[in-house]
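The values are calculated or read from the model by the stated rules, or taken from the named source; none is laboratory data. As the structure is a prediction and not an experimental result, all values here were calculated from the model. Here the Cβ positions follow ideal geometry from the backbone for every residue, glycine too, while neighbour counts run over all protein chains shown.
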Amino acid sequence: MKHSGLAKSIRMTASLLISVSFPILAVAQSMHASPAAQGFGPAYDAAHEITLNGTIQEVTVRQVSGSPPGTHVLVAGPQGLVDAHAGPFLSKETRDALQAGRPIEIVGATTWLNEKSYLLARQLIIGGRTITVRSKHGFLLREHPAGATRSTPEGKSEKIAPQGESQ
C-alpha cells in the first residue's frame, strides 16, 4: 500500500508541474514570436533602407530623454534636418571626423520613437571612408579603431582592418 501512495504523490506533483509549465511556455513562445528587431531599442526595417546625402550640422552625444542613447548626427539634406542615430560604439577617430560642415552619406532606416523620427544609421560614409555601425538586421556593432589587433586561436596577433576596408 505504501507504493500506491508514493505513486499517487508523484502523479500529483507531475500534474502540478505540467499545469504550471504551460503558462510559462505560452509566454516564452509569444516572446520568441515577436520581431527580433524590436528587442531592446527602436525597430530597424531593413526592407525600407534609404541613402541620405547631406551636410553635418551638429553632432551630439548627450542623452535626451526619450531618444536612443549614443551619438546623434544632425544632417541637413533634401528632406530637411534629419536626426541620424549612430549608436554608442563609434571610435574616437570616427567621432573626430564628424564635424559640422562636412558632407556625409548615411545608409539607414527611418523609425519613430516617442513621436519623433530618427534615421537609424547602418553605414556612415565620410571623406570616402565607410563606417558600418549596424548589421544588415539593425544590431549595433562595435567599431574597431584603426591599427587595432586581436589574438588568433594560435596565440598570434593580427591586424583588424577598419570597418569598410578588407584585410
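The rows are residues; the columns are (1) closer than 16 Å to residue 54 by Cβ; (2) not aliphatic (A, V, I, L, M).
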site	(1), (2)
88	no, yes
98	yes, no
109	no, no
113	no, no
116	no, yes
123	yes, yes
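Going through region 61-81 one residue at a time, which ones are at pLDDT 95 or above and loosely packed, with under 13 Cβ neighbours inside 10 Å?
Within region 61-81, 80, 81 qualify.
Residues in region 98-114: is at least one touching a helix residue (DSSP H, G or I) at 6+ places or on another chain (Cβ under 8 Å), in the same structural domain as residue 143 (by TED's automatic domain parsing) and not basic (Lys, Arg)?
The answer is yes, given that some residue of region 98-114 is touching a helix residue (DSSP H, G or I) at 6+ places or on another chain (Cβ under 8 Å), in the same structural domain as residue 143 (by TED's automatic domain parsing) and not basic (Lys, Arg).
Looking at region 103-139 only, could you name the residues that are in a loop (DSSP other than H, G, I, E, B) and buried (at least 18 other Cβ atoms within 10 Å of the Cβ)?
133, 138
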